[in-house]
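Visitor: Dropping a structure here in structure tokens format, bear with me for questions.
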Amino acid sequence: MNTQNTADYPTFPEGGDAFRHANLLGIEGLQPWEILYLLKEAEQWVAMNRQSTKHDDRLAGLTVINAFFENSTRTLLSFEIAGKRLGADVVNMHAAQSSIKKGETLIDTAVTLNAMRADAIVIRHGSSGAVQLIADKVDCPVLNAGDGQHEHPTQALLDALTIKQRLGRISGLTVTICGDILHSRVARSNIICLATLGAKVRVAGPPALLPDGIEVLSAEVFTDFDAALDGADVVMMLRLQNERMSGQFIPSPREYHRLYGLTQERLAKAAPDALVMHPGPMNRGVEIDSDVADNMARSAITEQVEMGVAMRMACLDVLTRRARKMEGWS
Ligand code: NCD
């Protein structure tokens, strides 16, 4: 894997001000150079995370609160590790054990977190737009760790970093995203991110799982997965988001696998060295076969998890810079 490819990046303004947003709520609205800046920043953390001593003190004294109102394994853990590796005090709030269960409103929870003087708040919530609502009520940077069907910006950024590390570029690649596009915040953030960086994005899935108006997001739409795979450089598979479905969207998991499951045979339709990705959690035998997911020569799934920590370190560092500068920190 190549971690020395900073030459591919544009020249950024001096003083670390290439990313001027107070929060990271979505990929929508970010300029290509802002995304590239975050990718470049993450590369130093990829390198540090591969050393035996993985520590930097730049967030020492800061408090990061991870407020997760929905289940998570990878995202929560990687934000926690990211904050700790940068020296922050990291606190996790699990909604199941919080006053949300006692009827507290989201706004009151936000005001409470703010009163504790958090320096960054990372939020996952089941409702699209909830993270924006909290960002409007607190004084510190807010990072969206997934809001409903809307956006999951750090997932798209870590996916872009993984592609860049493995294939050396993003611009000009054909990326096929297949699965439950309708309910997937990962698909939405990835389509916007990859298209902004110059990739050609295709989405594939059963008609019932393709949102109306998806074309406006600069993606070519397919209901035939085999046609969508033709010559693709990257194949990104998504889970059926059963928890967001009301009613029946697919005939059966077996039928879904027959039409939209990634098998070895199907993968042969993509480019010869096509990269296989999945944000996790995977449903093996439904959207992806084990022999494809576990084929290390083609699958970047564990690398996505590795890049997740580096990318989240970059986001926490960049977003807390303004506050650190105001305090006279480096
Ligand atoms: C995704 C999510 O939560 O949106 N998972 C993740 O963050 N790695 C995708 C999913 O749940 O299918």
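The values are calculated or read from the model by the stated rules, or taken from the named source; none is laboratory data. Values in this document were obtained by computation on a predicted structure and should not be read as measured data. Neighbour counts run over all protein chains shown; Cβ positions are idealised from the backbone, glycine included. All accessible areas refer to the heavy atoms of the entire protein, side chains included, with ligands and DNA or RNA removed. Shrake-Rupley method; radii C 1.70, N 1.55, O 1.52, S 1.80 Å.
Visitor: Compare the Cα positions of Pro207, Ser52, Thr154 along the charge dipole of the chain (+1 at Cβ of Lys, Arg; -1 at Cβ of Asp, Glu; about the Cα centre) and return the one farthest towards the positive end.
Guide: Result: Ser52, furthest along the dipole toward the positive end.
Visitor: Next question, about the same structure. Given the alpha-carbon gyration tensor of the range 152-248, what are the semi-axes of its equivalent ellipsoid in whole angstrom, ordered largest first, with each equal to the square root of 5 times an eigenvalue?
Guide: 22, 15, 11
Visitor: Compute the relative contact order of the chain as a whole-number percentage, counting only Cα pairs closer than 8 Å that sit 6 or more residues apart in sequence.
Guide: Computed value for the chain: 19 percent relative contact order.
Visitor: Applying a 10 Å radius around every beta-carbon, put 227-234, 213-220, 50-57 in order of their mean neighbour count, most first.
Guide: Output ranking for 227-234, 213-220, 50-57: 227-234, 213-220, 50-57.
Visitor: With charges only on Cβ, +1 for K and R and -1 for D and E, what is the dipole size of the range 146-248 about its Cα centre, in debye, rounded to 20?
Guide: 380 debye
Visitor: Enter the mean projected area of the convex hull around the alpha-carbon atoms of the chain, in nm², rounded to one decimal. It would help to have the intermediate numbers written out before the result.
Guide: On the way: hull surface 66.7 nm².
Mean projected area of the Cα convex hull: 16.7 nm².
Visitor: Further question: Using the C-alpha gyration tensor of the range 245-304, what are the square roots of 5 times its eigenvalues, in whole angstrom, with the largest one first?
Guide: They are 23, 14, 9 Å, listed largest first.
Visitor: Tell me the Kirkwood radius of the range 82-239: reciprocal of the mean inverse pair distance over distinct alpha-carbon atoms, in Å.
Guide: After inverting the mean inverse Cα-Cα distance, the result is 17.4 Å.
Visitor: For the range 173-329, what class follows from the C-alpha gyration tensor (a ≥ b ≥ c being the square roots of its eigenvalues): rounded when a/c is under 1.5, otherwise prolate if a/b is larger than b/c, else oblate?
Guide: prolate
Visitor: Would you count, across the chain, every pair of lysines whose alpha carbons are under 26 angstrom apart, provided the pair is eight or more residues apart or spans two chains?
Guide: 17
Visitor: Residue farthest toward the positive end of the dipole of the range 77-220, with Cβ of Lys/Arg at +1 and Asp/Glu at -1: which of Val122, Thr196, Val142?
Guide: Thr196
Visitor: Given just the C-alpha atoms of the range 147-206, how large is their convex hull per residue in cubic angstrom?
Guide: For the range 147-206, the hull spanned by Cα atoms encloses 64 Å³ per residue.
Visitor: On a 1.4 Å probe surface of the protein chains, which of Thr112, Thr11 comes out largest in accessible area, and what is the full order?
Guide: Of Thr112, Thr11, the descending order of accessible area is Thr11, Thr112.
Visitor: Does anyone have the angle between helix 32-49 and the longest principal axis of the chain? Alpha-carbon axes, 0 to 90°, nearest 10?
Guide: 80 degrees
Visitor: Where both residues lie in the chain, what percent of DSSP beta bridges are antiparallel, nearest 5?
Guide: On the way: 1 of 36 bridges.
Expressed as a percentage, antiparallel bridges in the chain total about 5.
Visitor: Which of rounded, prolate or oblate describes the range 33-136 when judged by the alpha-carbon gyration tensor and an a/c cut-off of 1.5?
Guide: It is prolate, given that a/c is not under 1.5 and a/b is the larger ratio.
Visitor: I would also like to ask the following. What's the carbon and sulfur percent of the chain's accessible surface, probe 1.4 angstrom, rounded to a whole number?
Guide: 50 percent
Visitor: Before anything else, pin down the relative contact order of the range 52-99: Cα pairs under 8 Å, at least 6 apart, normalised by residue count, whole percent. Spell out each step's value before the answer.
Guide: Working: 65 pairs, mean separation 24.4, N = 48.
RCO, the range 52-99: 51 percent.
Visitor: So how tilted is helix 74-85 from the main axis of the chain? Cα-based, degrees 0 to 90, rounded to 10.
Guide: 40 degrees
Visitor: How large is the accessible surface per residue of the chain, computed with a 1.4 Å probe and reported in Å² as a whole number?
Guide: 43 Å²
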